Amino acid sequence: MCPESTAGHRASVLVKVDDLDLGMWALRDAHFSTERVNGELRVDVPPERAGDVTRVLAAAGQWVTELRPDRFSLEDVFLELTSSHSDLADTELADTNLAGIELAGTERTGVVA
């Protein structure tokens with residue numbers, strides 16, 4: 001998981017406003033990394049900085065209707081766990097395949113290792 005994350009939370013908040021395009025523009029103009037996700041804006045700030053997000057949006061005339069920490073879903077956790085071990089699994093699979101090739105080659109030539 002992200003090093004900035006703790007207790008199932010990402011280092012970001014999800015926010016809803018009436019005009020997502022205007023909200024995203026205002027946040028990006030204020031140098032907040034922002035993306036649209038399922039009818040909300042994900043803003044890359046720790047939840048402790050949520051007040052900064054609301055101030056920027058209010059200054060742009062966008063009243064916040066919902067604001068909450070972004071949580072990891074079960075799918076996020078699964079993907080993170082499986083992707084971090086995929087390199088190891090690929091290496092083990094390659095080693096297994098190579099061992100099979102060497103063994104098969106040895107049997108064909110009649111050489112005993």
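Laboratory data are not the source of any read-out in this text; all were calculated from the coordinates shown. Since the structure is predicted, the reported quantities are computational estimates derived from the model, not experimental observations. Positions of Cβ are generated from backbone atoms using ideal geometry, with glycine treated the same way; all protein chains shown enter the neighbour counts.
Each residue of the range 59-65 was assigned a 3J(HN,Hα) from its phi angle through the Karplus expression (A = 6.51, B = -1.76, C = 1.60, θ = phi - 60°), giving 5, 8, x, 9, 7, 6, 9 Hz with x at Gly and Pro. For Asp70, nonlocal amide neighbours, meaning residues 5 or more places apart or on other chains whose placed amide H falls under 5 Å from its own, are Arg10, Ser12, Val13, Leu14. Dipole magnitude for the range 9-72: about 200 debye, using +1 per Lys or Arg Cβ and -1 per Asp or Glu Cβ, origin at the Cα centre.
Couplings 3J(HN,Hα) of the range 20-25, computed from phi: 4, 5, 5, x, 5, 4 Hz, in residue order, whole Hz [Karplus 6.51 cos²θ - 1.76 cosθ + 1.60, θ = phi - 60°; x for Gly and Pro].
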